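To keep things clear, I will list the structure first and then write my remarks on it.
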Amino acid sequence: MSGRVDLVARVRRFVERHCIPLESKAHVHDPAALDAALAQLRPVARELGLYLPQMPVEQGGLGLSWVERAAVFEEAGRSYLGPAALNCAAPDQPNMISLLRQGTPEQQRRYLRPLAEGRMRSCFAMTEPAPGAGSDPSMLCTTARREGGGWVIDGHKWFITGAVGAAFCIVLAQTGEGPTQFIVDMDNPGLECVRAIRAIDPYAVGGHGELRFTACRVAADAVLGEVGRGFVYAQQRLEPARLSHCLRLMGRARRALEAAQAYVRERSSFGDRLADLQQIQAMVADCHIDLHASRLMSLDCARRMDEGLAVKTESAMTKVFVSEALNRIADRAAQMCGALGMSEDDSPVALILRELRPFRIYDGASELHRATLGRRFLSRNLEPRTSGD
């Protein structure tokens, strides 16, 4: 336990001393500036023994369990540069999990090793513009057909996080045998990064890209895992990805709350400190209640994953609750700070609010998860919940 506490403290010092001071140089909607900042931070993270907390020791990581990495992810997430500096940010972190589970030795040599070492970035291409796959993955329109011993991919993807400057993507395409994952190098002549989408969350490493696959030819060994099992693999990827997002963004919400609390302790209005007003006290209390409940739900999900239990239901419930709770925390923090909470230059609160709002959509919209959960609960008798549910 003492070793884990020390690790968390070292991550916090790293974020405070190295990541947060660089945030102003890695400015909004600038993937190149973000990459430059990470090039400065990752050697420091390695030297301090903080790099790759989620990866096995034999892959150069710290080999932490899900419960152990929970507090590390939260502390790293206080800065938008923190998770990427430790190389535990999306989409690379879940892509590493996919390559570790489904990749061949050659795919791991070619893609996993340099990804883990920080020598390249990646993206995961599933979401499509209408009428393609979004919340409903069964609407997948991108296709891949066998030809000449390999595959030819055609399709249109958008809002692909990390696409700008990535070295490769894992793309989900429909084949005659069913949905299948392919590894495609971004310099493939059949793949075009059409544009970087200027989204509400401006600090995503690699931005959000729009991709077109036009007669994109890949070899037979580009298939990741088994043909036809793409949806299964995507689900296996998304469950830990949801939890990781909850943990990282919890750190961001906590930072906004810390900034708001510091402000209301100092700011006076009509003869009283804001901190002495009951309305402010209630807002602070509600923020801590949301934060505590979010942490407990996330830790329960992490424990279940460590025990090898299915978390299809738990990860969905956690994602819905935490995404909405963190958004409430950031919104209250901005309200408590008044005009200061609206300034991107003078306080971190405004940008944190911008980052947390889309989390209610990313990795499945809250409405979709609620509908799925509701059907799942209604289809079975209401019985005492067991550890394996």
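The values are calculated or read from the model by the stated rules, or taken from the named source; none is laboratory data. No experiment lies behind these values; they were computed from the predicted model shown. Cβ sites come from the backbone with ideal geometry, for glycine too, and all protein chains shown count toward neighbours. Heads up: the accessible areas ignore ligands, DNA and RNA and are worked out on the full protein's heavy atoms, side chains in. Shrake-Rupley method; radii C 1.70, N 1.55, O 1.52, S 1.80 Å.
Descriptive notes on the structure:
- Cβ pairs under 7 Å, 6+ apart, first in segment 218-246 and under 30 Å from ARG78 (Cβ atoms) and among the hydroxyl-bearing types (Ser, Thr, Tyr), second open to solvent by less than 60 Å² (accessible area, probe 1.4 Å) and not in a helix (DSSP H, G or I): SER244/ALA90
- Per the conditions (1) modelled with pLDDT of 95 or more; (2) surrounded by 23 or more Cβ atoms within 10 Å (Cβ to Cβ); (3) not in a strand (DSSP E or B), the sole criterion not satisfied by CYS216 is (3).
- Given (1) at pLDDT below 95; (2) part of a helix (DSSP H, G or I); (3) surrounded by fewer than 17 Cβ atoms within 10 Å (Cβ to Cβ), index of the condition GLN335 fails: (1)
- Segment 78-91 - residue that is in contact with a Leu (Cβ under 9 Å, 6 or more places away or on another chain) and farther than 19 Å from LEU238 by Cα and, of those, most open to solvent (accessible area, probe 1.4 Å): TYR80
- Candidates MET120, MET126 - the one that is under 26 Å from CYS88 (Cα atoms), aliphatic (A, V, I, L, M), at pLDDT 95 or above and surrounded by fewer than 18 Cβ atoms within 10 Å (Cβ to Cβ): MET120
- Among residues of segment 296-314 that are free of Cβ contacts under 8 Å to residues at least 12 places away in the same chain, none has a beta-carbon under 9 Å from a residue that is buried (at least 17 other Cβ atoms within 10 Å of the Cβ) and outside any helix (DSSP H, G or I) at least six positions away or on a different chain.
- For segment 317-366, a residue qualifies if it is without any contact (Cβ under 8 Å) to a residue 12 or more places away in the chain and either touching a His at 6+ places or on another chain (Cβ under 6 Å) or under 23 Å from ARG237 (Cα atoms) (or both), and exactly one does: ILE361.
- Only a single criterion out of (1) of a type in the set (S, T, N, Q); (2) under 25 Å from the mean Cα position of the chain (by Cα); (3) part of a helix (DSSP H, G or I) is not satisfied by SER347, namely (3).
- Only listed residue being aromatic (Phe, Trp, Tyr) and over 30 Å from PRO348 (Cα atoms), chosen from TYR80, TYR111: TYR111
- Residue count, segment 70-120 (criterion: part of a loop (DSSP other than H, G, I, E, B), closer than 22 Å to ASP306 by Cα and free of Cβ contacts under 8 Å to residues at least 60 places away in the same chain): 1
- Among the residues of segment 17-45, the ones that are of a type outside the set (S, T, N, Q) and over 15 Å from PRO83 (Cβ atoms) come to 13 in all.
- Residue within segment 188-195 that is in contact with a strand residue (DSSP E or B) (Cβ under 7 Å, 6 or more places away or on another chain), outside any strand (DSSP E or B) and open to solvent by 60 Å² or more (accessible area, probe 1.4 Å) present: no
- Residue-level analysis places GLN261 outside the set of residues that are part of a helix (DSSP H, G or I), surrounded by 13 or more Cβ atoms within 10 Å (Cβ to Cβ) and free of Cβ contacts under 8 Å to residues at least 12 places away in the same chain.
- Scope segment 16-57; condition surrounded by 18 or more Cβ atoms within 10 Å (Cβ to Cβ) and part of a helix (DSSP H, G or I); matching residues: HIS18, CYS19, LEU22, PRO31, LEU34, ALA37, LEU38, LEU41, ARG42, ALA45
- One residue stands out among those in segment 24-70 that are in contact with a helix residue (DSSP H, G or I) (Cβ under 8 Å, 6 or more places away or on another chain) and of a type in the set (Ser, Thr, Tyr): the one that is nearest to SER315 (Cα to Cα), which is SER65.
- Taken over segment 255-274, the criterion of being out of contact with any helix residue (DSSP H, G or I) (no Cβ under 6 Å at 6 or more places or on another chain) and not hydroxyl-bearing (Ser, Thr, Tyr) is satisfied by ARG255, GLU258, GLN261, ALA262, GLU266, PHE270, GLY271, ASP272, ARG273.
- Residues located in segment 121-140, provided they are of a type outside the set (S, T, N, Q) and in contact with a strand residue (DSSP E or B) (Cβ under 6 Å, 6 or more places away or on another chain): CYS123, PHE124, ALA125, MET126, GLU128, PRO129, LEU140
Let's see how each residue does on (1) over 20 Å from TYR233 (Cα atoms); (2) touching a Ser or Thr at 6+ places or on another chain (Cβ under 6 Å):
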| residue | (1), (2) |
| --- | --- |
| GLY103 | no, no |
| TYR111 | no, no |
| GLU117 | yes, no |
| CYS123 | no, no |
| PRO129 | yes, no |
| SER135 | no, no |
| ALA144 | no, yes |
| GLY149 | yes, no |
| VAL152 | yes, no |
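- Listed by first and then second residue, the pairs with beta-carbon distance under 7 Å, at least 6 apart or on different chains, first residue in segment 33-57 and among the basic types (Lys, Arg), second outside any loop (DSSP other than H, G, I, E, B), are ARG42/ALA85.
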